[in-house]
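Here the structure comes first, spelled out in structure tokens, and everything after it is commentary.
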Amino acid sequence: MEHFAERSARRIVTVDNTTVDIARAIQRLSDADLVRLKALARLWTRGLPPCVGWADVLQEAITRALDGSRKWPPDVPILAFLSGIMRSICDDQWRRARREIEVLVRAEDLVDLCGSVISPSPDRVVNAAQSLAAVDRLFASDPLALKIIAGLAEGLTPAEICKLHGMSERQYDTTRKRMRRALLRCGLEWSTS
Amino acid sequence: MSCWEPHIDLMRLLEALGREIIAATELEVRQACTEEKGRSIAARRSAIAVIWRGPALQVQGGSSAVRTANEVRELIEAVSGDPSDPFDVEKGYIELRGSRHIQGQRVLQTAPLPDQPNSISKPFRRAALRALILRGF
């Protein structure tokens, strides 16, 4: 149950069992979990319009978790749950940007311009291409990581990636570990601009 | 020939990389914290101190992990409308302040308050009354 305090942007949420569980899980996050959370927020910010920062994404994810707009599925770790919310924030932001364009341009004009009203906005396409390039640059010195990145972006499974590039399971796992460290490191350093 | 859709590739990639971050062990997190740009090898070595404490092997990742954790903790606490007591679920209600940047265009509305055991009505009304008195109506 959600209300807004008069004359302020604060939302007042009546606590139910789910909220209690989520609030306690967030309060129990260890230092390492919080570092992971920052890295996740930085990562998902890559999928957002440049004006949105990682702190915005993180705070909005916590808010949506606590206000009940997203249900916490049983057996899903809290970090995975929050990461899922950040993903939907990305989609929402681009959908909102799209709606703003639609207000300015009539729907039939959009069909003429883009071929389909559901096609992504040019901004999103450009932003995504730039973000993919940034991820590639991050692993530029690691050819095996680049192969894994390309495979993951195409939606391939680890077995398919190994088969495609003649990579052993051990090579794959070792590369993944290097990638994790790079991602965490960059979660601390990555510019949000 | 199919069209390249970078936004779909990106979302798939971010999901996969997000899973990697979640799966990272505590040791990997600490190591990453000590490998931040600009640190010398000697500084990294001294920062990763592996110490034996009872049955558990503890790895200290230096102050970087603690600093980052504190930064994130502060951000999370700032979500609460009551920073002195963030997410005190015992009150029966919590105040939330989401990101203004993201919620910028959300329409705020005041809804009637329910009469439930966990209802916020009394404290809310008291707070509202106090605010009105302070503002001199």
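The values are calculated or read from the model by the stated rules, or taken from the named source; none is laboratory data. Computed from a predicted model, the values in this text were never measured in an experiment. Glycine gets a Cβ as well: all are built from the backbone with ideal geometry, and neighbour counts include every protein chain shown.
Mind telling me which of the residues A:99, A:95 ends up being within 11 Å of chain B (Cβ to nearest Cβ) and modelled with pLDDT under 90?
That would be A:99, the only listed residue that is within 11 Å of chain B (Cβ to nearest Cβ) and modelled with pLDDT under 90.
Please find, within the range A:42-62, the residue that is nearest to residue A:20 (Cα to Cα) out of those that are assigned to a helix (DSSP H, G or I) and free of Cβ contacts under 8 Å to residues at least 40 places away in the same chain.
Residue satisfying both the conditions and the ranking: A:62.
So residue B:29 fits all but one of (1) more than 16 Å from residue A:31 (Cβ to Cβ); (2) modelled with pLDDT of 85 or more; what number is the exception?
(1)
Can you tell me which residue is surrounded by the fewest Cβ atoms within 10 Å (Cβ to Cβ) among those in the range A:34-79 that are touching a strand residue (DSSP E or B) at 6+ places or on another chain (Cβ under 9 Å) and of a type in the set (Gly, Ala, Ser)?
A:69
Within the range B:8-26, track down each residue that is of a type in the set (Gly, Ala, Ser) and either closer than 20 Å to residue A:34 by Cβ or outside any helix (DSSP H, G or I) (or both).
B:18, B:23, B:24
Can you report the number of residues in the range A:1-42 which are out of contact with any helix residue (DSSP H, G or I) (no Cβ under 6 Å at 6 or more places or on another chain) and at pLDDT 85 or above?
So the answer is 8.
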